Amino acid sequence: MPAMGDPRFARSVVYICAHNAEGALGLIINRKMKSPSFSEILEQLEIANVAGVQNKIKDVYFGGPVETERGFILHSTEYSSADTLVVDNEIGMTASLEIIKELAAGTGPSNSLVALGYAGWGAGQLDKEIQENAWLSADPDLDLIFNVSVEIKWDKALEKVGVNAALLSTESGRA
């Protein structure tokens, strides 16, 4: 929302992976990083990149301001391991070296988004921010997460809930 005071989240689309009484964890899915690329991460980790696979995964996203050196893969659920957090029937999140190796080999999930860092909220914090009108909420959408261009992902997320960005107000009220 326009009222978001934290510039790290301005115009961000965040996929919430976990939300319970202890807090919430999500990944920003519309902020590509200029560096490193997926190929550069593979080089740093000394993982061989199968020819042609680097064309499938190029981008790395800024997942959020917490633990920015740590990698997270948001992916379709036909891939699962002991390290996978199954978010719902279609989306999982895995933070392991094994999934990076499988993506490099071309044997990982069919849909994936590689992110460094995550967005985290303490107990009740995200709920409070939603009540304060800092965030809009939409149902998950595989196409939006994995296929929509990063440049228009925020606008498409707003459209999904029937909101025109030009008409958003920073004020909220109670009826």
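Grab the Cα-Cα distance for residue 81 and residue 48, subtract it from 0.36 nm times how many residues apart they are, and report the gain in nm with one decimal. All intermediate terms of the calculation are to be shown ahead of the outcome.
On the way: separation 33, 0.36 × 33 = 11.88 nm, distance 2.09 nm.
Gain in length upon complete extension: 9.8 nm.
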Quiz item: Taking amide H positions as placed 1.01 Å from N in the peptide plane, with prolines and chain starts having none, which residues 5 or more places from residue 23, or on another chain, fall under 5 Å of its amide H?
Solution: 124
Quiz item: Taking the stretch 57-111, which GluC sites (Glu not before Pro) meet the DSSP loop condition and have no more than 15 other C-beta atoms within 10 Å?
Solution: 78, 90
Exercise. Would you list which lysines come within 27 Å of residue 153, measuring only between C-alpha atoms, while excluding same-chain residues fewer than 8 positions from it?
Key: 32, 34, 56, 58, 128
Exercise. Kindly write out, for the stretch 133-150 in residue order, the coupling ³J(HN,Hα) from the Karplus curve 6.51 cos²θ - 1.76 cosθ + 1.60 (θ = phi - 60°), rounded to whole Hz, with x marking Gly and Pro.
Key: 6, 7, 10, 9, 10, 9, 5, x, 8, 4, 4, 4, 5, 9, 10, 6, 4, 4
Exercise. Return the long-range amide H neighbours of residue 60 (sequence gap of 5 or more, or a different chain), with a cut-off of under 5 Å between placed amide H atoms.
Key: 33, 38
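Counting only helical runs of four or more DSSP H residues, what would the 222 nm mean residue ellipticity of the chain come to if each run contributes -39,500 (n - 2.57) and the total is spread over all its residues? All intermediate terms of the calculation are to be shown ahead of the outcome.
Values: 6 runs with 40 residues, N = 175.
The per-residue figure over the chain is -5500 deg cm²/dmol.
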Self-check item: Integer Hz, Karplus 6.51/-1.76/1.60 couplings in order for the stretch 23-35, x for Gly and Pro
Solution: x, 9, 9, x, 10, 6, 10, 10, 10, 6, 8, 6, 7
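Using per-residue counts of other Cβ atoms within 10 Å, averaged over each peptide, order 104-111, 133-140 from highest down. Kindly include the intermediate steps, with their values, before the conclusion.
Numbers: 104-111: 16.2, 133-140: 13.1.
With the highest mean Cβ count within 10 Å placed first, the list reads 104-111, 133-140.
Give the order of 70, 11 when sorted by the count of other beta carbons within 10 angstrom, beginning with the fewest.
Listed from fewest to most nearby Cβ atoms, that is 70, 11.
How charged is the neighbourhood of residue 160? Take every other residue with its Cβ under 11 Å from the Cβ of residue 160, and add Lys/Arg as +1 and Asp/Glu as -1. Before the final figure, lay out the partial values.
On the way: positive: 153, 156; negative: 139, 141, 143, 155, 159.
Around residue 160, the charge tally is -3.
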Quiz prompt | Estimated FRET transfer efficiency (residue 59, residue 130; beta-carbon r; R0 25 Å; 0.05) | solution = 0.30
Quiz item: Magnitude of the Cβ-charge dipole of the stretch 7-153, K/R +1 and D/E -1, about the Cα centre, nearest 20 debye?
Solution: 500 debye
Self-check item: For the stretch 96-111, 3J(HN,Hα) per residue [Karplus equation, 6.51 cos²θ - 1.76 cosθ + 1.60, θ = phi - 60°, Hz, x = Gly/Pro]
Solution: 9, 5, 4, 5, 5, 4, 5, 5, 5, 7, x, 10, x, x, 5, 10
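Each reported figure results from applying straightforward, stated rules to the coordinates on display, with no laboratory input. What you are looking at is a predicted structure, and each value in this text was computed from that prediction instead of being measured. In this analysis, Cβ positions are derived from the backbone assuming ideal geometry, glycine residues included, and neighbour counts consider all displayed protein chains.
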